[in-house]
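Below is one structure; the comments refer to it alone.
The values are calculated or read from the model by the stated rules, or taken from the named source; none is laboratory data. Computed from a predicted model, the values in this text were never measured in an experiment. A quick note on method: Cβ atoms are made from the backbone with ideal geometry, for glycine too, and the neighbour counts reach across all protein chains shown.
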């Protein structure tokens, strides 16, 4: 999608140079993708204190049986907690 933006030329050139990009477009697209990924990772911090800890949960047992993890209560419970946290 063509877009006209007024960008800081020095930042663009530095980004192209540091990232060894072939074009300004590639540099900007990569920078935007990295920005989005970083912000999404930071959202995990919002979950601090909102997820219940089960001291009886045996993560080693769950590792042995992947299907049990995906079909099990812990997975569904985790999804519910994530949905609740996102809605808040």
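Against the definition (surrounded by fewer than 10 Cβ atoms within 10 Å (Cβ to Cβ) and modelled with pLDDT of 90 or more), how does residue 17 come out, yes or no?
Judged against the criteria, residue 17 is not a match.
Output the number of residues of region 33-88 satisfying the condition of being at pLDDT 75 or above, under 20 Å from the mean Cα position of the chain (by Cα) and assigned to a helix (DSSP H, G or I).
Here the count works out to 15.
Hey, can you tell me all the residues within region 32-53 that are surrounded by 10 or more Cβ atoms within 10 Å (Cβ to Cβ) and touching a helix residue (DSSP H, G or I) at 6+ places or on another chain (Cβ under 9 Å)?
Scanning region 32-53 gives 43, 46, 47, 50, 51.
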